[in-house]
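Visitor: Mind having a look at this structure? Questions to follow.
Laboratory data are not the source of any read-out in this text; all were calculated from the coordinates shown. What you see is a predicted model; the values in this text were computed from it and never measured. Don't worry about glycine lacking a Cβ; one is built from the backbone with ideal geometry, like all the others, and counts go over all protein chains shown.
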Amino acid sequence: MSEAEKNKNNPLHGVKLKDILEELVKFYGWKKLANFVDIRCFMFDPTVNSSLKFLRKTPWARTKVEDLYINMIEDRSAKEELKARREES
């Protein structure tokens, strides 16, 4: 099985951690993000760069952030699909 086939269903394939974090901050904001993922770099004087440093060194936190990103994508897709169905009716 080729790499392309392995990553076909992986929503994180080709997405940089920085892009994930920026998208989450844009969608939720730092305060809500800190409620979802309880880490200090999201709570006190948060910045993308300081958060990236921490997430790259802390696998459990990175996993939580990536899982939250996947959930956000799925929620967004479901809302868009529902909106499209309502517009068709």
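Visitor: If we count every other residue with Cβ under 14 angstrom of residue 34's Cβ, Lys/Arg +1 and Asp/Glu -1, where does the sum land?
Guide: Within the 14 Å Cβ shell, the charges total +2.
Visitor: For the range 15-88, report the translational diffusion coefficient in µm²/s to the nearest whole number, using Stokes-Einstein at 25 °C, 0.890 mPa s, and a Kirkwood Rh over Cα pairs. Intermediate results must be reported in sequence, preceding the final value.
Guide: Working: Rh = 13.0 Å.
The diffusion coefficient I find is 188 µm²/s.
Visitor: Just to check I understand the Karplus step: with θ = phi - 60° and J = 6.51 cos²θ - 1.76 cosθ + 1.60, what whole-Hz values come out for the range 72-81, glycine and proline as x?
Guide: Listing the rounded values in order: 4, 4, 5, 4, 4, 5, 5, 5, 5, 5 Hz.
Visitor: Quick one: Cα centre-to-centre distance for the range 37-77 and the range 21-35, in angstrom?
Guide: With the range 37-77 and the range 21-35 each reduced to a Cα centre, they are spaced 8 Å.
Visitor: A further question follows. Counting helices only, and only those DSSP H runs with n ≥ 4, report the 222 nm mean residue ellipticity of the chain as the sum of -39,500 (n - 2.57) divided by its residues, in deg cm²/dmol to the nearest 500.
Guide: -23000 deg cm²/dmol
Visitor: If you stretched the chain out fully between residue 15 and residue 38, how much longer would it get, using 0.36 nm times the residue separation minus the C-alpha to C-alpha distance?
Guide: 6.0 nm
Visitor: If the only charges are +1 at each Lys and Arg Cβ and -1 at each Asp and Glu Cβ, what is the size of the charge dipole of the chain around the Cα centre, to the nearest 20 debye?
Guide: So the magnitude is around 380 debye.
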